[in-house]
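Worksheet for the structure shown next.
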Amino acid sequence: MVTYTHLYFQVTALEQDALEVVSLFRSTKNTFAPINRIPPDVLSLIPDYWERQDMGEDLIALTHVCRDWREIFTSRPSLWTHLACADADKTRLYIERSRFLPL
């Protein structure tokens, strides 16, 4: 006998599978975007040309574009060494990402 609870969990599992397929599809589709033809080492240099005082929110926004960009920009400790200290969570994040570099 099939219960409503059993059906609910089956539907929930199917929904999760569908979300994973959509995520994989979007990720694959994004690899064909022209911006993603820029080599990661070149892309990671873009913030070097920004004014330092305007960089904070823009840098965070870059890490929210896609998984690849997040990896590229969070793996450059030198981008995370200038702290505004106005927001405790943001300051903690910058300290973590700056790794071994002086702040």
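The values are calculated or read from the model by the stated rules, or taken from the named source; none is laboratory data. Predicted, not measured: the structure shown is a model, and the values here were computed from it. Heads up, the Cβs are rebuilt from the backbone with ideal geometry, glycines too, and the neighbour counts pull from every protein chain shown. In case anyone asks, the SASA skips ligands and DNA or RNA and just uses the protein heavy atoms, side chains included. Shrake-Rupley method; radii C 1.70, N 1.55, O 1.52, S 1.80 Å.
Of all residues in the range 51-103, those satisfying the criterion of being modelled with pLDDT under 80 and closer than 30 Å to Lys29 by Cα are Met55, Gly56, Glu57.
Of the residues that make up the range 2-15, is at least one outside any helix (DSSP H, G or I) and more than 16 Å from the chain's Cα centre (by Cα)? The answer is yes; a qualifying residue exists. Only residues that are touching a Phe, Trp or Tyr at 6+ places or on another chain (Cβ under 9 Å) and surrounded by fewer than 12 Cβ atoms within 10 Å (Cβ to Cβ) were counted across the range 86-100, and they come to 1.
Selection within the range 56-85: residues that are among the acidic types (Asp, Glu) and either open to solvent by less than 100 Å² (accessible area, probe 1.4 Å) or in contact with a strand residue (DSSP E or B) (Cβ under 8 Å, 6 or more places away or on another chain) (or both). The member of this set that is farthest from Ala33 (Cα to Cα) is Asp58.
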